[in-house]
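Values in this text are rule-based calculations from the coordinates and carry no lab data. In this text, all values refer to a predicted model and were calculated from it rather than measured experimentally. Cβ placement follows ideal geometry from the backbone for every residue including glycine, while neighbour counts extend to all protein chains displayed.
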C-alpha cells in the first residue's frame, strides 16, 4: 500500500475521544500523534524523553514544575513547545484544542510518574488512526 | 533563560531565505525545523533517516523514486507525510509554501546522496532561529 499524505483536519474528524492520541505517521522510532483535548490532563513526567507539542486548533495551557518553581505556558494555535524530559507537566485546554505531538514510539500519555489517572484520560501509547 | 512557546508564524517572519531551514526547537536528538520554500529543491536521499513534513502554508509537492517507479505526492496546507529513509525525493513548491520538518539533529538538507546543489538551495544542517 502506498504511503500517502494525511490531511490532519480529516484525520481529526475520524475520532471524538479526548486525551486519546492517534498515531498519524512514524519517523524512525518516533510517533507523530494527534489528539483532541478539553479540560485537564494530569500531572506527569517522562523521565527519558522530551515531548513536543504543536497546537493545531484552539489553545493549550501547560503547567510546569521546574526547579525554580511552578509556571504556566500558553500555546495559541500555531505555537510549539518542548517539555524537557523529567519535567512534571500538566496540559489543559479549558475551551478545547487539537494538538500534534512528537515523541518516541511507546511513550505513555501519562508518563513514567503520574498522579491518579482520571476517568476522562486515556492511559495509552497511542492508537492507530482509524482503529 | 526560560523555555517559552514559539509562534510559528512569528518565527517564519524572522527570515526570508528559501530552502534554508531554521531550528525552532529540539526534541531529544531531533530538530524541529521550519522553512520557506518556493520553486524546486533537488533530488536527494537520506540513507539513515526518515524525514517528516508538515505543510504550514501553501502547497508542497514531493516527487519520489520508489522501487515501483516514480510518483508525486501533493501536500496541501495541514497535511503530513514521511519520506522513508533511502528514498530519493525532490520537494518543490511552484507557488511557495512554509513547512515544518522533524529529523535527527545534524541531518543535511541535501541528504547523503544528491544531484548537483543549485545556487538557490542552502546545503545545511539547519540554522538557529534568529541567527
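Structure notes:
- Two-site FRET efficiency, residue A:113 against residue A:17, from Cβ-Cβ distance with R₀ of 22 Å, rounded to 0.05: 0.35
- Over the residues of chain B, the helix contribution to mean residue ellipticity at 222 nm works out to -500 deg cm²/dmol, using -39500 (n - 2.57) for each DSSP H run of at least 4.
- Largest mean-square fluctuation among A:13, A:97, A:79, in a Gaussian network model of chain A whose springs join Cα atoms under 10 Å apart, belongs to A:13.
- Radius of gyration and maximum dimension Dmax of the protein assembly as shown, Cα, Å: 18.1, 56
- Cβ-Cβ distance of residue A:71 and residue A:10, R₀ of 35 Å, FRET efficiency by 1/(1 + (r/R0)^6): the value works out to about 0.45.
- From the Kirkwood radius over Cα pairs of segment A:40-122, Stokes-Einstein at 20 °C and 1.002 mPa s returns a whole-number translational diffusion coefficient of 166 µm²/s.
- Shielding of peptide A:9-21 by partners, expressed as the average count of other chain Cβ atoms within 10 Å per residue Cβ, is 1.
- Global form of segment B:1-60, assessed from the alpha-carbon gyration tensor, a/c cut-off 1.5: oblate
- Of interest is the spacing of the C-alpha centroids, which for segment B:74-97 and segment A:69-131 amounts to 27 Å.
- The mean number of Cβ atoms from other chains found within 10 Å of a Cβ in peptide A:48-56 is 4, as a whole number.
- Per-residue shielding of B:28-37, expressed as the average number of other chain Cβ atoms within 10 Å of the residue Cβ, stands at 3.
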